[in-house]
Amino acid sequence: MNDGIKLSRKDFLKIAALGAGALSLTTGGLSLFEGCTASRRPGTMFFSEDEIKLTEAIAEQIVPADDWPGGRDAGVANFLDTQLIGSYRRFQQDYQKGLAGLEKSCADKYHRKFEDLAWETQTAILQDMETGRLDGDVWKNGFSEYFFELLRAHCLQGYYGSPRHGGNKNYISYKMIGLDEPQIVGENRSGI
Amino acid sequence: MSNRHVNAVIVGAGAGGGVAAKELSEAGLSVVLMERGDWASYDVHNNDELLSQRTTVLGNAFGPDDERYRRVVVNDDGSTKVVVASENDYNNVAACVGSGTVSYGAMAWRFMREDFRMKTTYGHIEGSTLADWPISYEELEHCYEKAEWEIGVAGDAAQNPFAAPRNKPYPMPPFAYNKEAKILESSMRRLGLHPFPIPMLRNSISYNGRAACVRRRSCCGFACPINAKSGTHNTAIPAALSTGNCELRTNCIVNELVTDGNGRITGISYFDKDERKQVQSADIIIISASATETPRLLLNSKSKHYPNGVGNRYDWVGRNLQGHAYTGAFGLFEDDIFDDVGPGATIAVSDFSHHNPGIVGGGILANEFTRLPYFFTGIRPTGFPKWGKSHKEFQRKYFRKNVQVVGPIQEMPFFDSRVQIDPSVKDYWGIPVVRLSGHRHPKDVKGCEFLSSKAEIILKEAGASYTWQSIGGKGLSGGQHQAGTCRMGDDPRTSVADKYGRVHETPNVFVADASLHVTNGGFNPALTIMALGYWVAGHIAAEWQKGNRFT
Ligand SMILES: Cc1cc2nc3c(=O)[nH]c(=O)nc-3n(C[C@H](O)[C@H](O)[C@H](O)COP(=O)(O)OP(=O)(O)OC[C@H]3O[C@@H](n4cnc5c(N)ncnc54)[C@H](O)[C@@H]3O)c2cc1C
């Protein structure tokens, strides 16, 4: 009995490795224990110190602060960092490749980090990524548009989704649209 | 240790299978109900939008999981990709006791008479396998009635002049309109349409020992914390278990039908919750694993007698996969409309279900379930920025001032939209997975354009300051409303099962789920699937009591 099951599981892992993508069960978990803690901000799980700053700047572009906090203060980067060792393990490589690519594109063209560029320049770079107009090998074959869409969707999830996943700090986006979350027992629904 | 032989084994405890389990065990048959998922729990999933069954970006709240389940999707250019269970392309319903009926929106539609006679009504449609059902609305009517009374539907059929005739009213009064429905109601009436409250598998008053609905915003895609939403998990399945004749086995993954040396199907084999391979033998085998998993199971059951899989002599298993393109329009208003009275959808018109010039079939139009915050980030006028300052302002300004009117368009069955078995990719248990390919028929796009334009007219008349249409897609259809892959029919060469769901080439194997649908109506399908559960199992029980052992 056992043999049959072992075999099928091995097959399964083999196939997963071939490209299913969702099954990088080890990568995220392992990096927690490996020696790369030096560049890691205390408390982050997947991103390095540099990556978290970059991600915060991107999140701020996707959801900018106005009268209400933006993506940075709402903890969107924390949402991403949390998901990338959880439900979004399958996107780890995309993030590593994409964030490094973005740093390189900024260094090549502006000799600065993305987060140190002027607001309008940051916006223009992200618009270029969205429409596939960034220079550089990593952006070829549709990776540019693909990675932008990933960032966009994930940042919006971090800002507008439930705080239990690490973003939407203090229910800020619910407050912004006047939604009574969290719902309080005996209070919120008394009108019905 | 081997399992005790039973009269019937049912694969899948969803809409069709849950009902079948109840009917057979109440008729005195010994039944084992196999379910790959577990009982769903409200405490685990509560009201988290990103991890629900409607928005599944962080996973399917009610299964299947991303770690063990995958499928292969064939792209337009013939290339393939492997997708995990929470991705849209996987075309999921759910995997838990009750399946989609735990977390559905609970619209409870009867199909119309025309929906069972599409070929007769509209003639041959080039490129489509459009056909009549082998049963009529009139034959199924008492089964709809049973579903409405036993599972529990709230509504008022008298207000819908297009509804097919019925013998009994709904057991519960309809739900009151929310604010957007009130605005739409007068607009629809001014346009000469016939609005009515959507029939719902939800308690408007306390019913069958369960409480009345408190109208939460998190309903469609979520489990009900007070059990006011009715599915097979809190009606038919508990009823089956209380007979003492039915055993429910959760976390059991059925991998194939077992065939003896004479070609008779003697049972099913499965991996139990401890991943041990087991066999359950039975006189009758009923497959209710959904319109994607039922054909997978039949196609994976190859043997000397069934070299192409069980029921597949004429290559019809897995064909004609259809769902519903959702199509409609959005409107922005100057005043607050959001009153937070869930689940949002309350009003519909059936004026466009049939007999529309130049259109085959049609669909209902209804106001949409509550657009929760992340869902709403995807709702912007065509060409509007998808991120940045104005995207955020829009969210703030219009979250409480938008209305969506949508409906499911009746799709033309298409032979090449299909479920196959992927030749190389396997799931966690080593079982070859579903491979999906195909696209919608061009007629469906026409139908979508038609219905969306009507939705926009309704919104304009309701006073929307800005409106835009969203037209259902052309790609492969399936998803939550998947159907049609083991269609019923009188001719074994153009169908998989007979009018009672019995697979033509095997006397004791039945299908009882959405796979049987010949066409999928312009309505959400769950009530019809439940009615088919009563129909198929009712037939089996009646025959059994006459001494027929389906040999
Ligand atoms: C969010 C959401 C909203 C919806 N809203 C509506 C609505 O408002 N109105 C409406 O009419 N419909 C709605 N639906 C659709 C409805 O839930 C489905 O049409 C219905 O559940 C399908 O019934 P079925 O019996 O064909 O399959 P299912 O109900 O999917 O049942 C199949 C069962 O088989 C099990 N299974 C599959 N393979 C195996 C195996 N190998 N071994 C063991 N078990 C297996 C599955 O886990 C599942 O429990 C909604 C669905 C969802 C997800």
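The values are calculated or read from the model by the stated rules, or taken from the named source; none is laboratory data. No experiment lies behind these values; they were computed from the predicted model shown. Cβ atoms come from the backbone with ideal geometry, glycine included; neighbour counts cover every protein chain shown. Side chains are part of the model used for accessible areas, which takes the heavy atoms of the whole protein and leaves out ligands, DNA and RNA. Shrake-Rupley method; radii C 1.70, N 1.55, O 1.52, S 1.80 Å.
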Query raised in the report: Which percentage, to the nearest 5, of the DSSP beta bridges contained in chain B is antiparallel?
Result: 70
Query raised in the report: Got a sec? Charge dipole of the stretch A:48-176, +1 on Cβ for Lys and Arg, -1 for Asp and Glu; which of A:SER87, A:ILE125, A:GLY136 is way out at the positive end?
Result: A:SER87
Report summary line: Relative to chain B, whose Cα atoms define the longest principal axis, helix B:389-398 and its Cα axis are tilted in degrees, nearest 10, by 90
Query raised in the report: What FRET efficiency, computed as 1/(1 + (r/R0)^6) with R0 = 45 Å and r the Cβ-Cβ distance, is obtained for B:ARG276 and A:ASP116, rounded to the nearest 0.05?
Result: 0.15
Requested in this report: Take the Cα gyration tensor of the stretch A:48-176, multiply each eigenvalue by 5, square-root it, and list the three semi-axes largest first, rounded to whole angstrom.
Outcome: 24, 17, 12
Requested in this report: Calculate what fraction, in whole %, of the accessible area of the protein assembly as shown sits on carbon and sulfur atoms when a 1.4 Å probe is rolled over the protein chains.
Outcome: 51
Report summary line: At 10 °C and 1.306 mPa s, the Stokes-Einstein diffusion coefficient in µm²/s for the stretch B:355-502, with hydrodynamic radius from the Kirkwood sum on alpha carbon pairs, is 85
Query raised in the report: To the nearest 10 degrees, how steep is helix B:442-461 against the longest Cα principal axis of chain B, on a 0 to 90 scale?
Result: 40
Query raised in the report: Of A:ILE177, B:HIS441, B:THR292, which is farthest along the charge dipole of the protein assembly as shown in the positive direction, counting Lys and Arg as +1 and Asp and Glu as -1 at C-beta?
Result: B:THR292
Requested in this report: Just the number, please: buried accessible area between B and A, total of both chains, 1.4 angstrom probe, nearest 100 square angstrom.
Outcome: 4100
Query - Kirkwood Rh, angstrom, the stretch B:40-183 [1 / mean 1/r, Cα pairs] - result: 19.0
Query - Highest-first arrangement of B:422-428, B:39-45, B:169-175, where packing means the average Cβ count within 10 Å - result: B:169-175, B:422-428, B:39-45
**Report entry** Extension gain (nm, one decimal) between B:ARG493 and B:ALA212, 0.36 nm per residue minus Cα-Cα
**Finding:** 96.4 nm
Query raised in the report: Can you pull the mean other chain C-beta count within 10 Å for peptide B:214-226?
Result: 1
Query raised in the report: How well do other chains shield peptide B:382-394, expressed as the mean number of their Cβ atoms within 10 Å of each residue Cβ?
Result: 5
Report summary line: Rounded to 0.05, the calculated FRET efficiency for the beta carbons of A:ASP67 and B:ARG113 at R₀ = 45 Å is 0.20
Report task. List the lysines whose Cα lies under 16 Å from the Cα of B:LYS179, skipping any in the same chain that are fewer than 8 positions away. Result -> B:LYS401
Report task. Can you spot the aspartates and glutamates whose alpha carbon is less than 17 Å from B:LYS273's alpha carbon? Ignore those fewer than 8 places along the same chain. Result -> A:ASP3, B:GLU35, B:ASP38, B:ASP65, B:GLU67, B:GLU247, B:GLU256, B:ASP427
Report task. Sort B:486-495, A:111-120, B:270-279 for me by packing, meaning the mean count of neighbouring Cβ atoms within 10 Å per residue, highest on top. Result -> B:486-495, B:270-279, A:111-120
Query raised in the report: Rounded to the nearest 5, what % of the DSSP beta bridges within the protein assembly as shown are antiparallel ones?
Result: 70
Report summary line: For B:LYS304, the aspartates and glutamates lying under 13 Å Cα to Cα, once residues fewer than eight places off in the same chain are dropped, come out as B:ASP260
Query raised in the report: Highest mean first, what order results for B:373-380, B:98-105 on Cβ atoms within 10 Å?
Result: B:98-105, B:373-380
Report summary line: Hydrodynamic calc, the protein assembly as shown: Kirkwood Rh from Cα pairs, then Stokes-Einstein at 25 °C with viscosity 0.890 mPa s, so D in µm² s⁻¹ is 91
Report task. Please report the relative contact order for chain B, taking Cα pairs under 8 Å with a sequence separation of at least 6, and give it as a percent rounded to a whole number. Result -> 22
Query raised in the report: Okay, helix-only estimate at 222 nm for chain B: each DSSP H run of n ≥ 4 adds -39500 (n - 2.57), divide by all residues, round to 500 deg cm²/dmol; what do you get?
Result: -6000 deg cm²/dmol
Report task. Express in nm, to one decimal, how much length is gained between B:ASP416 and B:ASP43 on full extension, taking 0.36 nm for each residue of separation and deducting their alpha carbon distance. Result -> 130.1 nm
Requested in this report: Based on alpha-carbon positions alone, could you give the equivalent ellipsoid semi-axes of the stretch B:351-440 from the gyration tensor, as √(5λ), descending, whole Å?
Outcome: 35, 26, 12
Query raised in the report: Given a Förster radius of 41 Å and the C-beta distance between B:GLU505 and B:ARG166 as r, what FRET efficiency does 1/(1 + (r/R0)^6) yield to the nearest 0.05?
Result: 0.70
Requested in this report: Compare B:HIS324, B:HIS539, B:HIS504 by solvent-accessible area with a 1.4 Å probe and give them largest first, with all protein chains kept in place.
Outcome: B:HIS504, B:HIS539, B:HIS324
Query raised in the report: Tell me, in nm to one decimal, what length is gained between B:ALA542 and B:SER424 on full extension, where the rule is 0.36 nm per residue of separation less the Cα-Cα distance?
Result: 38.2 nm
Query - Dipole magnitude of the protein assembly as shown, debye to nearest 20 (Cβ charges: Lys/Arg +1, Asp/Glu -1, about Cα centre) - result: 740
Query - Estimated dipole of the stretch A:48-176 in Debye, rounded to 20 [Cβ of Lys and Arg +1, of Asp and Glu -1, Cα centre] - result: 420
Query raised in the report: How crowded by other chains is B:234-243, given as the mean number of beta carbons from other chains within 10 Å of each beta carbon?
Result: 0
Report summary line: Rounded to whole angstrom, the alpha-carbon centroid of the stretch B:300-376 lies from that of the stretch B:142-217 at a distance of 19
Report task. Find the percent of Cα-Cα distances in chain B that exceed 35 Å, and round it to a whole number. Result -> 31
Requested in this report: Could you work out how far helix B:179-190 tilts from the main Cα principal axis of chain B, as a 0 to 90 degree angle to the nearest 10?
Outcome: 80
